[in-house]
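Here is the structure we will look at.
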Amino acid sequence: MNFEYHNPTHLIFGAGSLARLGEAASRQGKKALIVTGGGSVKRNGTFDRAAASLKAAGMAFAECAGVEPNPRIATVRRGARIAREEGCDVIIALGGGSTMDAAKVMAAAFYYDGDPWDMIYHGQPAPHVPTRALPVITVPTLAATGSEMNMGAVISNEETKEKSFVQAECLYPVVALVDPELTLSVPKDQTAYGVCDIITHVTEGYFNGVDGTPIQDRFAEGVIVTAMEWGAKAVADGKDLEARAQVQWASIVALNGWVNAGTNGGFPVHMIEHTLSAFHDITHGAGLSVVNPAWMRFAAAHRPAKFVQFAERIFGLKAKGPEDRDGALQGIDRFEAFLKSIGCPTRLSELKIDDALLARYAQETLRIIHDQNGRLPGRPAMTEADIAGVLRSAL
Ligand code: NZQ
Ligand code: ZN
């Protein structure tokens, strides 16, 4: 595919780099809005260190605490209001993907008089695609989403049970200040879900993208193998800084547009998972861990060759040829076993989801995103029955 690539985010990566927050923020403005989640950064001292760095650089700041996992549009509205009332001119997101996503949309909502939900894609082009936002500095405390260095954000609407995304150039953070030390306190389960999210970001492009992308394939395989190897170490020993750093870097690389450049694939596993999160408020990476292997088995039945390549290159298996479905399935089995080994769920029942609403999840997924034929974009494009079938196979 022809493609353009532009990622303007200035990345500062490395242990101890939190100390540079004040310096980075004071280049952008005079008063920051610090956005945080449910309190982990307060408990583990990260907030105090961030505040000290800002004060040392002469920056004033206001605060918007309490961004929830699967961040809600009401919280985005609240944050934008605080930023206006307090006269902030830069936003600092100190937290996981939820905090970063909420902060990005607050930054755009700052300049928009309508409801920020207008920016979220749900079913048709959003009524308002933002073109202007306050500068955002992301300081991720969890390696997972890649939000720190991309132009996307995912927001939920509790009232309508919708969870969907906005993508806009103005949402690229100006600076991603990535300090792997901040992830040392992430609990085992969230660490594992993050690893699954990272891997799924590249498997989406790998399996749904166009053919003939040998460099992108190797990039993706590099991210998968690295995330598996170092992710398992980070789960086994959360204090292993080197493992934390490798996983953090994998998170950035997986979804800053580079690995998937020119592949032009859909993100069907994510779209299905977002519906499950919208209905059941489950953790994104845990939902992906259930949906991804089930989706892979469905897609491999249509198009085994890429899954054979996956089995051979990721797990060193030897298939009988590109059409060897059993060889393809063995690779998927190994992938699922890896997810289990780091403590991720692989069945819907583990997420306390039963078969009562399978058709509804499929309809909702398609209502939010579909191609001209009403199907979920991906290879293959999926009908309502396909989506329900994948979920049924994961019960
Ligand atoms: O809220 P706090 O108290 O900070 O606790 C969080 C939360 O409970 C905790 N946590 C984060 N850093 C920690 C920590 N606990 C201890 N020590 C630390 N250092 O972890 C829990 C989960 O946090 P959350 O931010 O929800 O996790 P994640 O980073 O996985 O973000 C998930 C959200 O991002 C969206 C997902 O859909 C979901 O809403 N995504 C965003 C994307 C993007 N912008 O590009 C792409 C992804 O595919 C994804 O859809
Ligand atoms: Zn994801």
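The values are calculated or read from the model by the stated rules, or taken from the named source; none is laboratory data. Just so it is clear, the structure is predicted and the values come from calculations on it, not from any experiment. Neighbour counts are summed over all protein chains in view; Cβ atoms, including those assigned to glycine, are modelled from backbone coordinates with ideal geometry. To get the accessible areas, we keep the full protein, side chains included, count just its heavy atoms, and leave off ligands, DNA and RNA. Shrake-Rupley method; radii C 1.70, N 1.55, O 1.52, S 1.80 Å.
Sequence gap at least 6, Cα distance under 8 Å: using those rules, report the relative contact order of segment 10-183 to the nearest whole percent.
27 percent
Starting from the 7 Å offset along Cα-to-Cβ, what nm value, one decimal, do you get for the label separation of Asp237 and Lys352?
So the label points at Asp237 and Lys352 sit 3.5 nm apart.
Compare Thr183, Thr131, Thr283 by solvent-accessible area with a 1.4 Å probe and give them largest first, with all protein chains kept in place.
Sorted by accessible area, descending: Thr131, Thr283, Thr183.
Express the relative contact order of the chain as a whole percentage, based on alpha carbon pairs under 8 Å and six or more residues apart in sequence.
Over the chain, the number comes to 15 percent.
With unit charges on the beta carbon (Lys/Arg positive, Asp/Glu negative), name the residue among Pro127, Ala83, Val105 whose Cα is farthest towards the positive pole of the charge dipole of segment 1-152.
Ranked along the dipole, the leading option is Ala83.
Each residue of segment 278-287 in order: what ³J(HN,Hα) in whole Hz does its phi give by Karplus 6.51 cos²θ - 1.76 cosθ + 1.60, θ = phi - 60°, with x for Gly and Pro?
So the Karplus estimates, Gly and Pro as x, are 4, 7, 10, 6, 8, 6, 3, x, 5, x Hz.
Amide H neighbours of Gly95 under 5 Å, counting only residues 5+ apart in sequence or on other chains, H built in-plane at 1.01 Å?
Amide H neighbours of Gly95: Val139, Thr141.
Build a GNM of the chain with springs between Cα atoms under 10 Å: which of Gly374, Gly222, Gly194 gets the top mean-square fluctuation?
Between Gly374, Gly222, Gly194, it is Gly374 that shows the largest mean-square fluctuation.
With labels modelled as points extended 7 Å from the Cα through the Cβ direction, what inter-label distance (nm, one decimal) is found for Ala19 paired with Glu4?
Going from the Ala19 label point to the Glu4 one covers 4.1 nm.
Expressed as a rounded percentage, what relative contact order does segment 188-393 have, with Cα pairs under 8 Å and six or more residues apart?
Once divided by the residue count of segment 188-393, the mean separation gives 24 percent.
Let me check something: with ligands and nucleic acids excluded, how do Lys306, Lys42 order by accessible area (1.4 Å probe), largest to smallest?
So, going from the largest accessible area down, we get Lys42, Lys306.
With every protein chain left in place and a probe of 1.4 Å, what is the accessible surface of Arg360, to the nearest 10 Å²?
Approximately 110 Å² for this residue.
On the full set of protein chains, 1.4 Å probe, figure out the accessible area of Met1 and give it in Å² to the nearest 10.
So the heavy atoms of Met1 present about 120 Å² to solvent.
Report for the chain the percent antiparallel among DSSP-assigned beta bridges with both residues inside it, nearest 5.
For the chain, the DSSP antiparallel bridge percentage is about 25.
What is the gain in length, in nm to one decimal, between His280 and Asp113 on full extension, counting 0.36 nm per residue of separation less the C-alpha to C-alpha distance?
Taking His280 through Asp113 to full extension adds about 57.0 nm, to one decimal.
If you line up the long axis of helix 358-368 against the longest principal axis of the chain, both from Cα atoms, how many degrees apart are they, to the nearest 10?
So the helix axis and the longest Cα principal axis differ by about 60 degrees.
Obtain the nm distance between the two label points defined at Lys55 and Ala359 by a simple spin-label model: each point lies 7 Å from its Cα along the Cα-to-C-beta direction.
According to this spin-label approximation, the distance is 6.1 nm.
DSSP loop (so not H, G, I, E, B), at most 13 other Cβ within 10 Å: list which GluC sites (Glu not before Pro) in segment 294-346 pass both filters.
Loop-located and lightly packed - Glu323.
In the chain, if the dipole is taken from +1 on Lys/Arg beta carbons and -1 on Asp/Glu beta carbons about the Cα centre, which of Met151, Gln363, Val186 is farthest to the positive end?
Going by the charge dipole, the pick is Val186.
For a quick check of your reading of the filter: which trypsin sites (Lys or Arg not before Pro) in segment 135-210 sit in a DSSP loop and have no more than 16 other Cβ atoms within 10 Å?
Lys161
Divide by every residue of the chain the summed helix terms, -39500 (n - 2.57) for each DSSP H run of at least 4, and state the resulting mean residue ellipticity at 222 nm, rounded to the nearest 500 deg cm²/dmol.
-15000 deg cm²/dmol
Residues in segment 108-132, backbone N under 13 Å from the label point at Asn157 (7 Å along the Cα-to-beta-carbon vector): list them, ranges by number please.
Only 115-128 pass the distance filter.
In whole angstrom, note down how far apart the Cα centers of segment 293-319 and segment 17-91 are.
43 Å
Express in nm, to one decimal, how much length is gained between Leu11 and Gln372 on full extension, taking 0.36 nm for each residue of separation and deducting their alpha carbon distance.
126.2 nm
Could you give the angle, 0 to 90 degrees to the nearest 10, between helix 325-341's Cα long axis and the longest principal axis of the Cα atoms of the chain?
Its long axis makes an angle of about 40 degrees.
List, in order, the whole-Hz ³J(HN,Hα) value for each residue of segment 14-30 obtained from phi through the Karplus relation with A = 6.51, B = -1.76, C = 1.60 and θ = phi - 60°; use x for Gly and Pro.
Each residue's phi maps through the Karplus curve to give x, 4, x, 6, 4, 4, 8, 4, x, 4, 5, 6, 5, 6, 9, x, 10 Hz.
Can you tell me the 0 to 90 degree angle between the C-alpha axis of helix 73-85 and the longest principal axis of the chain, rounded to 10?
20 degrees
Kindly provide the GluC sites (Glu not before Pro) of segment 139-189 that DSSP labels as loop, not H, G, I, E or B, and whose Cβ sees at most 15 other Cβ atoms within 10 Å.
Those satisfying the criteria are Glu158, Glu159.
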